[in-house]
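The values are calculated or read from the model by the stated rules, or taken from the named source; none is laboratory data. Keep in mind it's a predicted model, so treat the numbers as computed, not measured. All Cβ positions, glycine included, derive from the backbone under ideal geometry; neighbour counts span all protein chains shown.
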Amino acid sequence: MEVAGMTLSCQELVELVTEYLEGSMEPATRARFEQHLLVCDGCGLYLAQMRRTLRATGTLRERDVAPDSLDVLRQAFRSWKLRAARG
Ligand SMILES: [Zn+2]
């Protein structure tokens, strides 16, 4: 249940999550943001997911998959070819 002016709606929270994680949020808004997290599991999970994304990519705006996974594939393929050549 939302109390107008007191807590954020889920949609508002989603829109503000970047600001929250970047630490650029107004203290008053931040308090409302954190109040919503206390009562909403869904948004808590969303925040955790966004935090992981931020840690993995260094930014929330770049959604691209890191090219590292391609290198891993290439390396796996190379060692497979070496084994095949030896065998
Ligand atoms: Zn919510």
- Message: Suppose the filter is of a type in the set (A, V, I, L, M), closer than 24 Å to GLY58 by Cβ and either modelled with pLDDT of 95 or more or surrounded by 13 or more Cβ atoms within 10 Å (Cβ to Cβ) (or both); does LEU8 pass it?
- Response: no
- Item | Matching residues in segment 20-37 - criterion: being charged (D, E, K, R) and away from the ligand (no atom under 16 Å from the Cβ) | GLU22, GLU26
